[in-house]
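To start, the structure itself, in structure tokens.
Nothing in this text is a laboratory measurement; each read-out follows from the coordinates by a stated rule. Not measured: the values here are computed from a predicted model. Using ideal geometry, Cβ is built from the backbone for each residue, glycine included, and neighbour counts are taken over all protein chains shown.
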Amino acid sequence: MPPSADPPFPSQPQGISLDELTEAFAQVMGAEPRRPAEAAAPLEQHEASPETVAAADSQAAAQPAETPANEPDADDACPINPRTILEAMLFVGNRDNEPLSPRRAAELMRDVEVDEIPSLVAELNRCYDETGAPYQIVGQGDGYRLTLRREFHSLRNRFYGRVREARLSQAAVDVLALVAYQQPLTGEQIHRLRGRPSRHVLAHLVRRGLLRIERPDAKRRTPHYFTTDRFLRLFNLQSLDDLPRSEEPEPA
């Protein structure tokens with residue numbers, strides 16, 4: 001079954017890489033960045049006598065055909081079970097193009113708990129590996145997405161064309177790096193860390209969907225900035241834990 005098309009985002013934004021993001025964060029913070037078996041011989045065939053063939057045919061006709069318990073009938077080529085239902089959910093996706101969360105998947109299935117979803121995902125990925133499928137399920141943020149394997153990205157680009165992003169300015173890279181590594185941050189905190197105003201840069205990154213705003217303090221309504229799922233997709237990260245980290249200084 002072919003996977004759904006990936007969102008039209010490049011694997012990395014043009015003009016900025018994950019290494020450059022790490023370098024920008026280190027510079028702003030004044031730290032040093034971390035740099036098949038042979039086939040068996042055919043058995044010898046002997047011509048069977050007419051009497052032997054007739055006896056074998058009679059014995060086969062007398063015995064009812066058996067279907068292995070693990071193999072579905074011809075009329076039930078795709079049995080409905082939690083694994084296939086989860087696969088169908090990932091194939092269909094949702095309107096907002098957000099990853100499928102384990103909680104949402106469990107809500108849509110009967111007698112399936114949230115903590116069972118990761119094992120179902122692992123089972124599907126094992127099946128894909130064994131059959132050489134060109135797609136896989138990857139974790140993204142707090143959910144999952146069915147996506148093409150990297151070696152098939154060029155084929156996708158031949159169908160849809162490569163979408164190119166506008167280059168990010170150095171100021172935008174600096175702000176994005178600060179938020180990625182220290183989120184949540186307020187605008188005032190980002191201003192102090194950079195030593196210069198960042199309001200327009202923050203607004204630009206929010207418009208492009210790389211940063212999002214939350215206001216946890218209902219009284220003061222001070223905006224706090226976080227990275228988005230689009231940020232993770234652009235840098236091929238499954239979570240913020242995959243961000244490169246600077247090497248810890250060795251003890252004296």
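Pull up the stretch 115-134, narrow it to residues that are of a type in the set (Ser, Thr, Tyr) and loosely packed, with under 14 Cβ neighbours inside 10 Å, then point me to the one that is farthest from Ala105 (Cα to Cα). Break it down into steps so the answer makes sense when it comes.
Pass one, the stretch 115-134, residues of a type in the set (Ser, Thr, Tyr): 119, 128, 131.
Right, trim to loosely packed, with under 14 Cβ neighbours inside 10 Å and you get 119, 131.
Values: Ser119: 13, Thr131: 25 Å.
Filtering the stretch 115-134 for residues that are of a type in the set (Ser, Thr, Tyr) and loosely packed, with under 14 Cβ neighbours inside 10 Å, the one farthest from Ala105 (Cα to Cα) comes out as Thr131.
For residues that are assigned to a strand (DSSP E or B) and hydrophobic (A, V, I, L, M, F, W, C), tally how many sit in the stretch 123-142.
Adding up the residues that qualify gives 2.
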